[in-house]
Amino acid sequence: MNNQSEVTREDDVKLTPLAMAVLELLIEKPMHPYEMAQVLRTRNIEARANVKPGSLYHAVERLEAHGHIEVVDTQREGRRPERTVYGVTEAGRDAFVERAKAMIGTIAPEFPEYVSGLSALNELDREEALDELRTRALRLRAEDAADQVIMENLAAKPLPAIYWLDVKFLADRRAFELAWTNRLIEDITTGRVAWVPAVSEDEA
């Protein structure tokens, strides 16, 4: 019994961003997975959670298995398959709150690929490196423009800013990365960052 409790508590701490998003929806109201998928898509959940085909249903199954959510109803519309409606349990609400506090207060290690790429930048040809940086900047500029549209739409709604802090954070972080990348391109181009090619074993 103690072992089961320990496993459950450990899983509670490790709720994934997708599981947190599902719990967040069910705290608002009971839903069936298809409705969850629609709402998550509307809220652009892909920006903060790894959503793959079938991952939402897998997250729902795990949450139910650990007692975080439970079946509260079944619905059928015409000849469509029966849909199972889930609601959050008290244990699920508690786990959600505890995980949210940990996510906010704890600095978790992250391993962004861009940082790894920058560490290997001098292994590339100078012009090749600049081409890749300009490509990244171009894509970031497009995403930044999309962010601004989203932010303007949210600001125009009667929706308190605290409900979309995650969107604002991601938009600000993308804008910072764009500005930083543009500055790096300029620094390499002007020579403020001297280009030092990697030395091969034959040249050493």
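The values are calculated or read from the model by the stated rules, or taken from the named source; none is laboratory data. This is a predicted model, so every value here is computed, not measured. In this analysis, Cβ positions are derived from the backbone assuming ideal geometry, glycine residues included, and neighbour counts consider all displayed protein chains. Protein only, heavy atoms only, side chains kept; ligands, DNA and RNA dropped before computing areas. Shrake-Rupley method; radii C 1.70, N 1.55, O 1.52, S 1.80 Å.
With the full set of protein chains in place, find how many percent of the accessible area of the chain is carbon and sulfur; take the probe as 1.4 Å.
54 percent
Just the accessible area per residue of the range 42-169, please: how many Å² with a 1.4 Å probe?
The answer is 74 Å² per residue.
Taking the Cα-to-Cβ direction at Arg126 and at Arg183 and moving 7 Å from each Cα, how far apart do the two end points lie in nm?
Here the answer is 2.2 nm between the modelled labels.
If you take the Cα Rg of the chain and divide it by 2.2 N^0.38 Å, with N the number of residues, what do you get?
Output field value: 1.37.
Using only helices, what value at 222 nm comes out for the chain when you add -39,500 (n - 2.57) per DSSP H run of length 4 or more and divide by the total residues, to the nearest 500 deg cm²/dmol?
When only DSSP H runs of four or more count, the value is -20000 deg cm²/dmol.
Net charge within 13 Å of Glu24 by Cβ-Cβ distance, Lys/Arg positive one each and Asp/Glu negative one each, not counting Glu24 itself?
Neighbourhood net charge equals +3.
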